[in-house]
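The values are calculated or read from the model by the stated rules, or taken from the named source; none is laboratory data. Keep in mind that this is a model prediction, so the values were computed, not measured. Reconstructed Cβ throughout: ideal geometry from the backbone, glycine too, with neighbour counts over all protein chains shown. Side chains included, ligands, DNA and RNA excluded: accessible areas come from the protein's heavy atoms. Shrake-Rupley method; radii C 1.70, N 1.55, O 1.52, S 1.80 Å.
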Amino acid sequence: MEKLFEDFSLGLFVWQAVLFIALILLLRKFAWKPILDSVNDREEGIKNALDSAEKAKLEMENLQADNQKLIKEARAEREAMLKEAREIKNKMIEDAKDEAKETANKLIAQAQESIETEKKAAISELKSQVANLSIDIAEKVVREELSNKDKQVKLVESMLGEATLN
Amino acid sequence: MEIPAIVGAGLVVIGAGIGIGKIGGSAMEAIARQPEATGKIQTAMLIAAALIEGIGFAALFAVN
Amino acid sequence: MRRKISLKPITLLLFIVTFVTYSQEEHGHADSGSDKKSEVKAYIQHHLKDSYDFNLFSWTTDSGEEKHFGFSLPVILWDGGLKVFSSSKFHHGETVAEVDGNYYKNYHGKIYKTDAEGTINYDAEHHATNEKPLDFSITKNVTMIMMVFAIMFFMFSRMAKSYKKNNGMPKGMGRFLEPIVLYVRDEIAKPNIGEKYYKRYMSYLLTVFFFVWIVNLFGLTPIGMNVTNNIAVTLCLALITYIITTFSGNKNYWKHIFWMPGVPVPMKIILAPIELLGTIIKPFALMIRLYANITAGHVVLMSIIGMVFLFQNWLGSGLSFMLAFVLAILELLVAALQAYIFTVLSALYFGMAVEEHDHH
């Protein structure tokens, strides 16, 4: 401790104090303030740039999301339209089929009906012809019978046996 | 017999040495456990070591 | 960046130069070992002391005459009036300087007022009792401080200007210095003082960090004087830290010193003087730490360099040289480390003074 006091030099202390305080003040004005300010400005600038980049990125993402949404909507719409068209087409085909079937059925029914009437007419004509024929035959038979009674009967019987009505 | 003051100073220095050694050892262990905190541990280690060192110097200069 | 790297080879070169000057000195008297030992001791003590002239190296001729190479510095005394004269008048402490009818003698690195013959009176403990005039001489240390002042001012004002010229980017030396400035700001000031207040202390912290660092580095060169091994210099630095801490102390800080919250009343009374003493011990430790580290580093380094000449054989001297080399590199680290510690602890004390917390 004694050695410390002995070593202490007032002159050096005064010089150091004066020079050091002067150095602090001078450097504060000419060096530290401008340096720290510039560094601060730069850091702020970098920070701002990063922030705006981040913002731009977010905006971009939003835009992209919007685009995606639009595309999705468009696709859904197209899908819906296609579906509708398909449905309409199917329905039309179905309708056409139904109509055709109906018409065909109607035609068939008509045809059957006309066939039936034709058939009936044919049968009745046949009947009348058979009747005529029978009358003719009967006439002839009668004519002949008139000549021969036995023969007449025999003929009618044989003729009747032959002429079966279909 | 009177024990000279320098012996006391020596004892203080031994104590300070052990203290700084312990700080260094613990810091090494801490760094090994958490290498990502190396900077913080080193700063704390240096400050603690400097404070102990001050006691050692105080003892040395008290007897000088 | 290149500047920093080239520093080590330069330091090494300068150490080799010291060896050369040493060996020149040794040539004169190749006497017994103990004589050499005391000579090395005297040289180390002389090296650690301040001096009135800037002595680069000295040697003794074959005829025993001492030669000095260097230049004189002005001596400024206050002794009933300002006395300014050149230190060459002392002839390296050999003669008495006569100024305006007063006689002064440089005795063991201090100036005493004497009679015309330069008689020094001693007390019982062999201390000089002569009157000492107030001494404001520009000694070797003051010259070094002025040099560092000029270097720092030149370096940093140039760096500040390069920002303006270069669109907010540093140029040249600033490229190397900027990370260190930012390190002081981000790793020392901000965490220890706090985001809110750190700005006001930046000037002091940066100045003290670079001043101590550069001064320590200069101390490692043989031409330079290690300024920080003077208690006056470290006292000045520590005192500024103490003053700034005391003046920036807020209510909370003083409350923690005089009336520690959260402890019983008898403890408060016991703690108050301890805490008050602590405020003085903290900068005192700061002063002693820097002084002792640099002094001890120099003593050890120079002793080991001295051993190179004491051994006088290839093995011992070679090993001493290797040890001195390793130690010199270690001292380079210590130079930066002590600057860092001083700055961190100052920041820590400022942080304590401005801290705001009411969670007790």
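Gaussian network model of chain C, Cα springs within a sub-10 Å range: biggest mean-square fluctuation belongs to which of C:Ser162, C:Ser51, C:Ser34?
Sorting by GNM fluctuation, first place goes to C:Ser34.
How would region C:65-138 be classified by its alpha-carbon gyration tensor: rounded, prolate or oblate, with rounded meaning a/c under 1.5 and the a/b versus b/c comparison settling the rest?
Because a/c hits 1.5 or more and a/b fails to exceed b/c, region C:65-138 counts as oblate.
Tell me, what is the per residue accessible area of chain C in Å², probe radius 1.4 Å?
Heavy-atom accessible area per residue stands at 50 Å².
Once you average over the residues of C:161-173, how many Cβ atoms of partner chains fall within 10 Å of each Cβ?
Average per residue, whole number: 3.
Defining a contact as two alpha carbons under 8 Å apart and six or more residues distant in sequence, what relative contact order in percent does chain C show?
Result for chain C is 16 percent.
Can you show me the helix-derived [θ] at 222 nm for chain C, built from DSSP H runs with n ≥ 4 at -39,500 (n - 2.57) apiece and divided by the number of residues, rounded to the nearest 500.
-21000 deg cm²/dmol
Could you compute the longest span of chain C free of GluC sites (Glu not before Pro) located in DSSP loops and having at most 14 other Cβ atoms within 10 Å, not counting the site residues?
C:196-355
I want to verify a result. In a Gaussian network model of chain C, Cα cutoff 10 Å, which of these has the top mean-square fluctuation: C:Gly306, C:Gly80, C:Gly316?
C:Gly80
Report, in degrees rounded to the nearest 10, the 0 to 90 angle that the Cα long axis of helix B:38-63 makes with the longest principal axis of chain B.
0 degrees
Which whole-number percentage describes the relative contact order of chain B, with Cα contacts under 8 Å and a sequence gap of 6 or more?
54 percent
Does region C:140-354 come out rounded, prolate or oblate by the C-alpha gyration tensor, with a ≥ b ≥ c the root eigenvalues, rounded set by a/c under 1.5 and, if not, prolate when a/b is larger than b/c and oblate if not?
Oblate shape, in that a/c is at least 1.5 and b/c is the bigger or equal ratio.
In whole percent, how big is the carbon plus sulfur part of the accessible area of the protein assembly as shown, probe 1.4 Å, protein atoms only?
Working: 22860 of 36020 Å².
So the carbon and sulfur contribution to the accessible surface is 63 percent.
Exactly which trypsin sites (Lys or Arg not before Pro) in region C:159-207 are in a DSSP loop and have at most 16 other Cβ atoms within 10 Å? Before the final figure, lay out each step's value.
On the way: sites: C:Lys161, C:Lys164, C:Lys165, C:Lys171, C:Arg175, C:Arg185, C:Lys196, C:Lys199, C:Arg200; in loops: C:Lys171, C:Lys196.
Of the trypsin sites (Lys or Arg not before Pro), the ones in loops of region C:159-207 whose Cβ has at most 16 other Cβ atoms within 10 Å are C:Lys171, C:Lys196.
What's the buried accessible area, both sides, between A and C using a 1.4 Å probe, rounded to 100 Å²?
So the buried area, both faces added, is about 3700 Å².
Would you work out if region A:12-161 is rounded, prolate or oblate? Take a ≥ b ≥ c from the square roots of the eigenvalues of the alpha-carbon gyration tensor; rounded if a/c is under 1.5, else prolate when a/b is larger than b/c, oblate otherwise.
prolate
If one takes the longest principal axis of the Cα atoms in chain A, at what angle in degrees, from 0 to 90 and to the nearest 10, does the Cα axis of helix A:10-27 lie?
Between the helix axis and the principal axis of chain A, the angle is about 30 degrees.
What is the magnitude of the charge dipole of the protein assembly as shown about its Cα centre, with +1 placed on the Cβ of each Lys and Arg, -1 on the Cβ of each Asp and Glu, and no other charges, expressed in debye to the nearest 20?
It works out to roughly 820 debye.
Where the centroid of each part is defined by its Cα atoms, how far is region C:234-284 from region C:139-218 in Å?
When both Cα centres are located, 29 Å separates them.
Per residue of C:287-293, how many C-beta atoms from partner chains lie within 10 Å of its own C-beta, taken as a mean?
5
Given the -39500 (n - 2.57) contribution per DSSP H run of 4+ residues, what per-residue ellipticity at 222 nm results for chain A, rounded to the nearest 500 deg cm²/dmol? List each step's numbers first, then the result.
On the way: 4 runs with 151 residues, N = 166.
Per the formula, -33500 deg cm²/dmol.
Choose one of C:Ser87, C:Ala296, C:Phe209: the residue whose Cα lies farthest towards the positive end of the charge dipole of the protein assembly as shown (beta-carbon charges +1 Lys, Arg; -1 Asp, Glu; about the Cα centre).
The one lying farthest along the dipole's positive direction is C:Ser87.
Could the peptides A:155-162, A:35-42 be put in order, highest first, of the mean number of other beta-carbon atoms found within 10 Å of their residues?
Most protected by this proxy first, the peptides run A:35-42, A:155-162.
Mean Kyte-Doolittle of at least 0.0 and a Cα length of 18 Å or more along the axis: which whole DSSP H helices of chain C meet both?
Sorted by number, the helices that extend far enough and score high enough are C:7-28, C:140-165, C:198-219, C:231-248, C:265-311, C:314-354.
Less than 15 Å Cβ to Cβ from A:Arg28, Lys/Arg counted +1 and Asp/Glu -1: what total charge do the surrounding residues give?
Spelling it out: positives minus negatives among the neighbours equals +4.
Which angle between 0 and 90 degrees, to the nearest 10, do you get for helix A:149-162 versus the longest principal axis of chain A when only C-alpha atoms count?
On a 0 to 90 degree scale, this one is about 10.
Loop-only GluC sites (Glu not before Pro) in chain B, please: DSSP not H, G, I, E or B, and at most 15 other Cβ atoms within 10 Å.
In loop regions of chain B (DSSP not H, G, I, E or B), the sparsely surrounded GluC sites (Glu not before Pro) are B:Glu2.
What is the spin-label model distance, in nm, from B:Ser26 to C:Glu131 if the labels are put 7 Å beyond Cα along the C-beta direction?
The two pseudo-label positions are separated by 5.8 nm.
Along the charge dipole of the protein assembly as shown, Cβ charges K/R +1 and D/E -1, which of C:Asn167, C:Pro266, A:Ile93 sits furthest on the positive end?
Toward the positive end, the furthest listed residue is C:Asn167.
In region A:64-166, what trypsin sites (Lys or Arg not before Pro) fall in a loop by DSSP, with at most 12 other Cβ atoms inside 10 Å?
Values: sites: A:Lys69, A:Lys72, A:Arg75, A:Arg78, A:Lys83, A:Arg86, A:Lys89, A:Lys91, A:Lys97, A:Lys101, A:Lys106, A:Lys119, A:Lys120, A:Lys127, A:Lys140, A:Arg143, A:Lys149, A:Lys151, A:Lys154; in loops: none.
Here no loop site has a sparse enough neighbourhood.
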